[in-house]
Amino acid sequence: MKLFAIILTAILTQNFILSKFLGICPFLGVSKKTDTAVGMSAAVIFVMVLATVATYPINSFLVSQGLGYLQTIVFILVIAALVQFVEIVLKKYMPPLYESLGIFLPLITTNCAVLGVVTLNIQESYNFIESIANSLGAGLGFMLAMVMFSGVRERLEGNDFPKMWNGLPITLVAAAIVACSFLGFTGVVENIFGV
Amino acid sequence: MAEKKTLGQEFTKGLVKENPVLRLVLGTCPTLAVTTSVENAIGMGIAATIVLICSNVVISALRKVIPSKVRIPCFIVIIAAFVTMVQLFVKAFAPALDASLGIFLPLIVVNCIILGRAEAFASKNAVVASAVDGVGMGIGFTIALVLMAAIREFFGSFNLTLKVLGFGTQVSLADPLASIGIEPILIFILAPGGFFVFGLLIALANKIAEDKGLARAELKSCAECPMAASCAVKAAGEECAE
């Protein structure tokens, strides 16, 4: 039950993009078309879960050796190496998957959402299973926001705005309105699960 | 760098003309996340500026040693080392700031301003110029953060927390305004307000830039993105930005 609450919180009330502001670059940059948004988010979910699986034992080891302060450096290196490794493996053994996800992988290395989720798992002192649940929820929330927003962006296309608002500013205002809709979820998960 | 700039120009370009947040649209995540109060914005700005100056100096000093094929991982390790130092410092001397910045302090590692300046400037220029570039860009980042935080905090709570590392005062108009029945607009502090104020500031920056005949602020096109060398989105014929 607690796992379910963690996943729902990460998707709805604490949405990574719309309430935590992690992963704004891909949110604004790659959300122009729905299929690109889906591909990018699928890659993010994949890397988030994998990075959590890899960094959790490494962090336990670092802490046991009294090297907890190396966390940030080690995590970013592990994520970078992992992304490279996944890319090579996918390219060699699963070309169809590589075609759809592979192109987004290098973008994810320096994406704050991935480093954010692994750091957050440690800060919230989740255990291994809870960490994976949180990463999965964060990734799904990322996908939900990306896909919703790409729909909004397609509608914005070709509209006639005042000149100074064209492009990025109007996209941000649209994002503000999408974020408003997520404010409506405040407290929902806490009330359902009583956590 | 097509033309040679003086050190003064390297410094001032980051403040307004090439402001990293409002003109280059870099570092959007911390910009949106920490601007709920002026105090947080100043703290984040100072932390990022220190990391930016240190990493610019070291990367510039090592620019002839680092092989270009593995330069991005090298840059990230150097940046991560400085971020860890700053993080430990803040934890020790300003625990309140550490608590309010939360995970955005370690996330300075993946702040595109720092990696972007390393790739676009420090890896091609001499040490002194890179240090000056770091100072200018860092102050430009801080100015943009403080501007945005001031708008959000004022309208969201009618307060302005003019504090640096715990020293300073808080200016509050909440009580006098409440007595004549004006309540703060809470949504400015919440997430949607962040997007909205950021959009507003970019729109204003675009307006001023257009009046002066400069290019509009847009998300970086693929060619100028710090990740362009290793990114395959472009190769696959997709647009990564507008």
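So A:T52 clears everything in (1) more than 13 Å from chain B (Cβ to nearest Cβ); (2) buried (at least 18 other Cβ atoms within 10 Å of the Cβ); (3) without any contact (Cβ under 8 Å) to a residue 12 or more places away in the chain except one condition, right? Which one?
Just one mismatch for A:T52, condition (3).
For residues that are out of contact with any Lys or Arg (no Cβ under 7 Å at 6 or more places or on another chain) and β-branched (V, I, T), scanning just the range B:182-207, find the one that is farthest from the other protein chains (Cβ to nearest Cβ).
B:I182
Would you please list the contacts, defined by Cβ atoms under 9 Å and residues six or more apart or on different chains, that run from a residue in the range B:39-54 that is of a type in the set (S, T, Y) to a residue that is crowded, with 23+ Cβ neighbours inside 10 Å?
Every condition considered, the pairs that remain are B:T49/B:G134; B:T49/B:M137; B:T49/B:G138; B:T49/B:F141.
Which of the residues belonging to the range B:167-181 are more than 19 Å from B:A149 (Cβ to Cβ) and either in contact (Cβ under 8 Å) with a residue 24 or more places away in the chain or exposed (fewer than 12 other Cβ atoms within 10 Å of the Cβ) (or both)?
Correct list: B:D175, B:P176, B:S179, B:I180, B:G181.
Pull up the range B:6-25, narrow it to residues that are part of a loop (DSSP other than H, G, I, E, B) and basic (K, R), then point me to the one that is surrounded by the most Cβ atoms within 10 Å (Cβ to Cβ).
B:R23
Wholly within the range A:103-163, which helices (runs of 4 or more DSSP H) include no fewer than the required count, namely at least 1 residues that are aromatic (F, W, Y)?
Fully inside the range A:103-163 and qualifying: A:128-156.
Just to verify a result, which residue in the range B:186-213, among those that are among the β-branched types (V, I, T) and assigned to a helix (DSSP H, G or I), is surrounded by the most Cβ atoms within 10 Å (Cβ to Cβ)?
So the residue we want is B:I202.
State whether the residues of the range B:12-21 include one that is at pLDDT below 85, farther than 30 Å from A:S19 by Cβ and touching a Pro at 6+ places or on another chain (Cβ under 7 Å).
yes
Pairs, please: C-beta under 6 Å, at least 6 apart or cross-chain, first residue facing chain B (nearest Cβ under 9 Å) and in the range A:76-102, second crowded, with 18+ Cβ neighbours inside 10 Å and not in a helix (DSSP H, G or I)?
Qualifying pairs under 6 Å: none.
Of these, B:V135, B:V127, which one is closer than 18 Å to B:G43 by Cβ, more than 14 Å from every other protein chain (Cβ to nearest Cβ), in contact (Cβ under 8 Å) with a residue 40 or more places away in the chain and surrounded by fewer than 20 Cβ atoms within 10 Å (Cβ to Cβ)?
Matching residue, one of B:V135, B:V127: B:V135.
For the structure I just gave you, tell me whether B:V171 is at pLDDT 75 or above, in a helix (DSSP H, G or I) and of a type outside the set (K, R).
So B:V171 does not fit the description; no.
Can you say whether B:M85 is at pLDDT 90 or above and over 12 Å from the mean Cα position of the chain (by Cα), as far as the supplied structure shows?
Yes: the conditions hold for B:M85.
The values are calculated or read from the model by the stated rules, or taken from the named source; none is laboratory data. Since the model is a prediction, treat every value here as computed from it, not as a measurement. Here Cβ is always computed from backbone atoms with ideal geometry, including for glycine, and neighbour counts include all displayed protein chains.
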